[in-house]
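This report refers to the structure that appears directly beneath it.
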Amino acid sequence: MAEKKEVDARFKKFGTVSFTSLTKTNDFITKLEEGQVSGTKCKVCGMVFFPPRADCYSCFSSDMEWFNVTGTGKLVTYSKLQYAPVGFEGDLPYSIALLDYGTYKVFGRLASDVPETDVKIGMDMKAEPNRLPNGQINYVFHKA
Ligand SMILES: [Zn+2]
């Protein structure tokens, strides 16, 4: 009898509800659990990706390496959501946002403890792993 093949489904742990269970970038979850938000960089042409990609769409190489999202990014824009997709209703209200790190941008959520009155376009923020009440993990943006 053939042995059952092990499936790497670490991405099931990502976000309030994960819609991605199978991916070639599962190390993203392990790195989050170790306290690090990370992306990938193409070793051939140098292109950087966030969210991480296993394959470069610029030169089609699959020779990638991980890099850590460190330092601060500038808040490009944000939007406070009053309605949410199925599965995320319990998180409302929350704000989605985009940080510019220079050579790449990071899309995500503002941390729930960032007062709305403190949020200013152009402010420095940092992306950090965040453990959710249901045991899942994601990353959120805090004031730098
Ligand atoms: Zn490339």
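Below is a table of values for the structure above.
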read-out: Efficiency of FRET between residue 6 and residue 92 - r from beta-carbon atoms, R0 35 angstrom, step 0.05; value: 0.40
read-out: Dipole-positive endmost among 42, 95, 133 within the chain (Cβ charges, Cα centre); value: 42
read-out: Backbone HN-Hα couplings from phi across segment 47-53 [Karplus 6.51/-1.76/1.60, Hz, Gly and Pro as x]; value: 5, 10, 10, 9, x, x, 10
read-out: At 1.306 mPa s and 10 °C, Stokes diffusion of segment 29-95 via Kirkwood alpha-carbon radius, µm² per second; value: 110
read-out: Hydrodynamic radius (Kirkwood) for the chain, which is based on Cα pairs only, to one decimal in Å; value: 16.4
read-out: Calculated [θ] (222 nm, deg cm²/dmol) that DSSP helices of n ≥ 4 give over the chain, each run adding -39,500 (n - 2.57); value: -1000 deg cm²/dmol
read-out: Per-residue HN-Hα couplings for segment 96-110 [Karplus 6.51, -1.76, 1.60; θ = phi - 60°; Hz; x = Gly/Pro]; value: 9, 8, 10, 10, 9, 9, x, 8, 8, 10, 10, 9, x, 10, 6
read-out: Isolated Cys in the chain, by beta carbon distance under 4.7 Å; value: none
read-out: 116, 128, 6, ranked by accessible area, largest first (probe 1.4 Å); value: 6, 116, 128
read-out: Packing rank of 34-42, 84-92, where each peptide gets the mean count of other beta carbons within 10 Å, highest leading; value: 34-42, 84-92
read-out: Residue pairs, from the table 43/80; 41/74; 43/120; 5/105, whose Cα atoms sit over 28 Å apart; value: 43/80; 43/120; 5/105
read-out: Cα-based reach from residue 12 at 20 Å (exclusive), listing lysines while leaving out same-chain residues under 8 positions away; value: 4, 24, 31
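The values are calculated or read from the model by the stated rules, or taken from the named source; none is laboratory data. As the structure is a computational prediction, the values presented were derived from the model and not from experiment. Note that each Cβ is placed from the backbone with ideal geometry, even for glycine, and that neighbours are counted across all protein chains shown. Surface accessibility is based on the protein's heavy atoms, side chains included, excluding ligands, DNA and RNA. Shrake-Rupley method; radii C 1.70, N 1.55, O 1.52, S 1.80 Å.
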